[in-house]
Every structure is written in structure tokens, then in C-alpha cells.
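Participant: Quick one: this structure, given as C-alpha cells, is what I'll be asking you about.
Please treat every number below as a calculation from the coordinates, not as lab data. Computed from a prediction, not measured in an experiment: that's the story for all the values here. Cβ placement follows ideal geometry from the backbone for every residue including glycine, while neighbour counts extend to all protein chains displayed.
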């Protein structure tokens, strides 16, 4: 019988996706440890559980497509190609950080990767996505702007202004909603009159679909199709990825609003071991190799922590730099 | 030099800069087909086409994304404060200087047209308070043109605050398409020796009228026009205050925490030993703007208020 996964992507890409998911998980769990030790301070929103979305979606984008996101964006930056060392250094507030230590966990940015920022005002990235998409259209670059956001952002005015604008001006924006069911501690049906978020684009005549956000190849397929549609039509599209975060909203949130049984149920659907199991079952990789990959990524993360620890703090004079050109 | 209105000077600045740089685009509510609520964008759509001159939905949060955005009035900037303050002024800094925001937000504002509480505000202090954007407040047609051209060429975000009552005011404007004025420099609009009047935008125009009246009584006023509130050219207005030893600050905004408090504070910090009297402030009243013409006049500084303040500062002694 033909492999289902192989029908989607070549072995090399499938394994790359798996490796990236493991790297994101190891990175986030290491962040939690560094937060507990006091090396990372401020807000820290971890991505554990949602890896299939960032990895599947990013894999389906072109290298020069724009990506904007919110404040739970370490994984998106790393999958996009950001050096884990410089991301960790940013979280430590060190001069070697990806934004010189001035942004922190919520504000990663790298224009060379077309990673156009993590924004910490809920819904703040929607107008920026329109701006980037307009720029691409104006300069006839054919770049799609992938705009990631959570279920909590869809009740902000910015979401609706952005959808209307993108459709009205035919802007190439691919909206990717990561519906993890909770805006901090408020469950989606307690905040949204219509909790099926993909249905909310009908008022703007924007096509949309729902995808299993715990299944990286499925996310890849959906985003690949949607991104091509956006590029071809120069018009927006929305994907709602159903996912779950294994930790609280941030490190300050013990997540008591969710039952242990609910969390356990979702952990059974953990996107990493389930993907690994399929890779083994379909004969794409041996179990031993997956274990090796985990050890290798642990070494990468350990090196990132070492780099962050040993990096210098920013000079005091840096406080006045970068306000104006 | 040709004479033209403040409105036409702004219009010419937009056209010249759009001709000069094809990446400049003009967006706003009713700026294209309707040619702007105050007709500042007249003729732009016809000359530059629909890709560069675009009407936007009434979505102030989202207008603020590209080079020149017109907010129909500054009052609606409050809807866009998230994009202006949380995003525009911070993106360069929090991303470690990896990106520039070469954008201008034009916004007409100010009171005096009986537009009532929600359409008559002077919010300049709000923008001046947040680091990360420049704030221009031109008083004359030439300043409007020269500052707008610089704002468009600058690689930093600029809030460009136009006064609705100045659109029809006339003045000489240099014809040179390369005429620009620097951001961050005051302009001494009138030299004098007895009292320094620090003002901006329409308050500069009223201050010059007050100075002309006071001259008839033998009082010599120096009128310093701030021209930009950020960067603030402290050196020029404090030098003037030091010279005269007396200063009056005129602000259209509300008195409490108004920009006049900042100006006065800087004068005290720099000129304490030179002052013969406390700095006087002429401010908007701390009330929402009433509609009635009779009441509205009480809320906005008038020429006679400035004259009175100058006389009081001359009478006062430490």
C-alpha cells in the first residue's frame, strides 16, 4: 500500500518538519526552565502543543512570503530560520539577541527572513498584514503575507477592518487562526458569538476552511493550497487550525480553568509523537533515528542557552538607539 | 514669491513629492474621488491614479500603514491610537532598529468652527508625549509646504497636524520645488525685546496679531513659532526667554498637562536666573468643547487673552 505521507511530501521534507517540531518543543521547554531560574523574565508565552501549525504552515510558504504573528511566536521565528541562539539571547535580554535585547519574547523580528514581527497587542498584526500585502501588490512582488493570530483576536475591531480591507483592495493575505480554544482563561464559546471562526469570513466573501492543527502534514496541505490560491487570485483566504496549548497562557498562568482530563485528552493528540508514529509505520524512518533527532535538537537548544548566558548585556548607551533613523 | 493658501501649499507639497518619488502613496477616507474633506488632496487621483491615491473604508485603525495617510480629522486619531502609539512609534525600537517607518499621518484639527465636543479637539500633546514620532504643527502656508515635504522625505514617522481654520489663510510660498524646512527648528516669526511668546499652529497667527496690537502700546514681543513639537527646539525658545526675561506660552490644547506646561518647565530649567516674572500660560479651557459659538469662544485662546497675559507678565515680579 502506498504511503499516505509520501503522497504529500518527499521523505526529506517530512523528516525536516518532524525535526523542526521537536526543536520547537525542546526550545519551549528549555525556556520554561530558564524562566524558573530567573534567566528569562517578563511575559513568556509557550507554544508547546501547537507545533504542527507553525511547522506545517511555514513549510508551505515561499521563502520571501511575509509572516506576521502575535506574542506566542518563538516557534514561528525559529521555523522561519531564526537562529535559536539569537532567539534565546533575545529572551535573556542580551545584546546578541535577534532585536538586541530590546524586544524580548513577544517581539521577535528579522526582515532577512521576511519575519515581520511578533506583536503583543491582541489583533495589532491585522493592519500590518494589510500594509505588507499592499506593499507586495504595489511593487508586483507576488509575495503572500501569512498572518497568524489566536482565537481571542477575532473579536477585535482590527480583525474585521483587516478582512474588509483585504477583500476590498484584493490584498494577498493568508489568515491563519490558531484556535487553541482559550483567550487566556476564557473559552472561545464564552467570547465569540460564532465560535466556528472560519465561518466568520462570510460577511466579507473570503473563502475559508478548518484544518486539524495537530496534524502537520494536514496543515501543510491546507496552507499550500490556500497560499497558492491567494497568490493566484491576489485575494485573502482564512484557515482555522484547531489546536491546543499544553501549558497555560503564559508562564504566569497555571491554567486552572481547564480540567486535567481535558488536557490529558489533548496530550494524547500531541502532534509530535503522533507524527513520529506515522513516519515509522509508513516506513519513512526508523524509531532509533527519531530518538537521535531529539538528542541532536536538545544539543542545539543547550548551545542556545549557553550562548545566551555567556552573551553580554546591552551597553547603557543602547537605550537611546533606534528610536529614530 | 507666489502667494497661496495653506490648503494649496499642502496640495502642492503632496503633488511635488509624489512626482519626485513614485513610492509615495496617499490614502484616506474620501481622499481620492471626493478629493478630501478639506480638499487638500484635490487633483491627486487624476494625476497619480488609483494605485497611489486610494479611498479607504472608515477604519482608522487600519489606515495607518503606508506613507501618507490622511485622517479625516485628528479626533479620529483616537481610534487609531493603538496603531499610532502601540505600533508606529515602537516598531523600530522594539525590533532593534531593523526597520524604518517612512510614513506621514496628516490630520486636520483644532477648534473654532462650532463642531462641538467630538470634532473640535487639539490633541497635539497626546502625540508629543510618546517618543518615536515627530510632530509638525505648521502655522503658515510656506511652513505647511516646507514641513510637509520634509516629513514625506524623512524616514521616520511624522504626525502632521494641520489646523482647519488655517486652510484658507494666505501667504507667500517659495516656488522652488526643492524648498524644504527642517523638523526640530523653531522659527522666530517676530523679533522683540520685552516678552517672548511661544506658540504653534493657529496660536502663532493669533500671537502675531497680539504682538502687533501690543506694539501700539510700546510693548515689544518676540514671537517664537515652535513649528515642530517633536523634536522640540528648546534652545531657540529658551534663548529668547533669556533675552526678554519674560515669557508667555500659548496653547490651544487643554491646560491640564498641556504642552505649555512642558515649555514652561523647560524655560524654568534653563532660564531661572534670567526671569523677571513667572511664565504665563494661555490655554484652552479644561472642558469638552461646547457647541454654542458664544461658549466655544471662551474655550479657545483669543487675541485679547494673549494681550492680557503679556500685560500681566509685565506687571508681575518675583
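Participant: With a cut-off of 16 Å, note down the residues of region A:55-90 whose backbone N falls inside the zone around a label point 7 Å from the Cα of residue A:321 toward its beta carbon.
Facilitator: Under 16 Å, as judged by backbone N against the label point of residue A:321, lie A:90 of region A:55-90.
Participant: Okay, next question. Among B:19, B:42, B:190, whose mean-square fluctuation peaks in a Gaussian network model of chain B (Cα, cutoff 10 Å)?
Facilitator: Its mean-square fluctuation being the largest, the pick is B:19.
Participant: When B:41, A:243 are ordered from fewest to most other Cβ atoms inside 10 Å of their Cβ, what list results? Present the calculation step by step, with values, prior to reporting the outcome.
Facilitator: Details: B:41 25, A:243 28.
So the ranking, lowest neighbour count to highest, is B:41, A:243.
Participant: Oh, and also: Mind checking the angle between helix B:141-153 and chain B's longest principal axis? C-alpha axes, 0 to 90 degrees, to the nearest 10.
Facilitator: 50
Participant: Checking a compactness column here: for chain A, what do you get for Rg(Cα) / (2.2 N^0.38 Å), N being the number of residues?
Facilitator: Values: Rg = 19.2 Å, N = 325, 2.2 N^0.38 = 19.8 Å.
Ratio of Rg to 2.2 N^0.38 Å for chain A: 0.97.
Participant: Tally the DSSP beta bridges in the protein assembly as shown and give the antiparallel ones as a percent, rounded to 5.
Facilitator: Working: 11 of 63 bridges.
Antiparallel bridges make up about 15 percent of those DSSP assigns within the protein assembly as shown.
Participant: May I pose another question? At a Förster distance of 60 Å, what's the computed FRET efficiency of residue B:317 paired with residue A:41, Cβ-Cβ distance as r, to 0.05?
Facilitator: Details: r = 54 Å, r/R0 = 0.90.
The formula returns an efficiency of 0.65 here.
Participant: Right, next: Please report, in Å, the Rg and the Dmax of region B:75-118, where both are computed over Cα atoms only.
Facilitator: For region B:75-118, the Cα-based Rg and Dmax read 14.5, 45 Å.
Participant: Could you check the spin-label model distance between residue A:263 and residue B:46? Points 7 Å from the Cα along Cα→Cβ, value in nm.
Facilitator: Going by the 7 Å Cα→Cβ label model, 6.7 nm.
Participant: Ratio to report: Rg/Rh of region B:187-315, with Cα atoms as the point set and Rh obtained by the Kirkwood method; give two decimals. Write out the running numbers ahead of the final one.
Facilitator: Details: Rg = 13.7 Å, Rh = 14.4 Å.
Expressed as Rg/Rh, it is 0.95.
Participant: Out of the DSSP beta bridges found with both residues in chain B, what percent are antiparallel (nearest 5)?
Facilitator: On the way: 8 of 38 bridges.
The antiparallel fraction comes to roughly 20 percent.
Participant: Report the relative contact order of region B:1-124, percent, no decimals, based on alpha-carbon pairs under 8 angstrom and at least 6 residues apart.
Facilitator: Numbers: 168 pairs, mean separation 25.9, N = 124.
That works out to 21 percent.
Participant: If you line up the long axis of helix B:259-271 against the longest principal axis of chain B, both from Cα atoms, how many degrees apart are they, to the nearest 10?
Facilitator: Once rounded, one gets 50 degrees.
Participant: Divide by every residue of chain B the summed helix terms, -39500 (n - 2.57) for each DSSP H run of at least 4, and state the resulting mean residue ellipticity at 222 nm, rounded to the nearest 500 deg cm²/dmol. Spell out each step's value before the answer.
Facilitator: Working: 11 runs with 107 residues, N = 318.
Result for chain B, helices only: -10000 deg cm²/dmol.
Participant: I would also like to ask the following. Need one number: % antiparallel among DSSP beta bridges in chain A, to the nearest 5. Kindly include the intermediate steps, with their values, before the conclusion.
Facilitator: On the way: 3 of 25 bridges.
DSSP beta bridges in chain A are roughly 10 percent antiparallel.
Participant: Still on this model: Can you pull a Stokes-Einstein diffusion coefficient for chain B at 4 °C (1.567 mPa s), Rh from Kirkwood over Cα pairs, as a whole number of µm²/s?
Facilitator: Numbers: Rh = 19.9 Å.
Roughly 65 µm²/s, to the nearest whole number.
Participant: Mind pulling up the Rg/Rh value for the protein assembly as shown? Radius of gyration and Kirkwood radius, both on Cα.
Facilitator: Working: Rg = 28.5 Å, Rh = 27.0 Å.
Rounded to two decimals, Rg over Rh is 1.05.
Participant: What FRET efficiency comes out for residue A:184 versus residue A:298 if R0 is 41 angstrom and r is the Cβ-Cβ distance? Round to the nearest 0.05. List each step's numbers first, then the result.
Facilitator: Working: r = 30 Å, r/R0 = 0.74.
Rounded to the nearest 0.05, the efficiency is 0.85.
Participant: Related question: With a bin width of 10 angstrom, please list the P(r) values of region B:257-318 as percents of all Cα-Cα pairs, from the 0 bin to the one holding the largest distance.
Facilitator: 20, 42, 28, 10, 1
Participant: Given the options B:139, B:212, B:46, which has the most mean-square fluctuation in a GNM of chain B, springs set between C-alpha atoms less than 10 angstrom apart?
Facilitator: Judging by the Gaussian network model, the answer is B:46.
Participant: Could you tell me the calculated FRET efficiency between residue A:202 and residue A:233, based on Cβ-Cβ distance and R0 = 25 angstrom, to the nearest 0.05? Display every interim value, and only then the final one.
Facilitator: Values: r = 17 Å, r/R0 = 0.69.
Computed FRET efficiency for residue A:202 and residue A:233: 0.90.
Participant: Residues of A:136-145, mean number of Cβ from any other protein chain within 10 Å of their own Cβ, rounded to a whole number? All intermediate terms of the calculation are to be shown ahead of the outcome.
Facilitator: Values: counts 0, 1, 6, 1, 0, 0, 0, 0, 0, 0.
Mean number of neighbouring Cβ atoms from other chains: 1.
Participant: Exposure proxy check: A:85, B:39 ranked by fewest other beta carbons within 10 Å?
Facilitator: Numbers: A:85 20, B:39 14.
Placing the least packed residue first, the sequence is B:39, A:85.
Participant: Right, next: Helix B:6-20 versus the longest principal axis of chain B: what is the Cα-based angle in degrees, 0 to 90, to the nearest 10?
Facilitator: 40
Participant: Taking the convex hull of the Cα atoms, report for region B:3-172 its projected area averaged over all directions, in nm². Don't skip to the answer; put the middle values down first.
Facilitator: Details: hull surface 37.1 nm².
One quarter of the hull surface, i.e. the mean projection, equals 9.3 nm².
Participant: Exposure proxy check: A:149, A:43, B:272 ranked by fewest other beta carbons within 10 Å? Don't skip to the answer; put the middle values down first.
Facilitator: Details: A:149 27, A:43 16, B:272 10.
Ascending Cβ contact count within 10 Å gives the list B:272, A:43, A:149.
Participant: When only alpha-carbon atoms are used, what values of Rg and Dmax, in angstrom, describe region B:81-181?
Facilitator: Taking only Cα atoms of region B:81-181, I get Rg and Dmax of 15.1, 45 Å.
Participant: If you don't mind, another one. Only Cα pairs under 8 Å and at least 6 apart count here; give the relative contact order of region A:5-306 as a rounded whole percent. Intermediate results must be reported in sequence, preceding the final value.
Facilitator: On the way: 571 pairs, mean separation 69.8, N = 302.
Answer for region A:5-306 is 23 percent.
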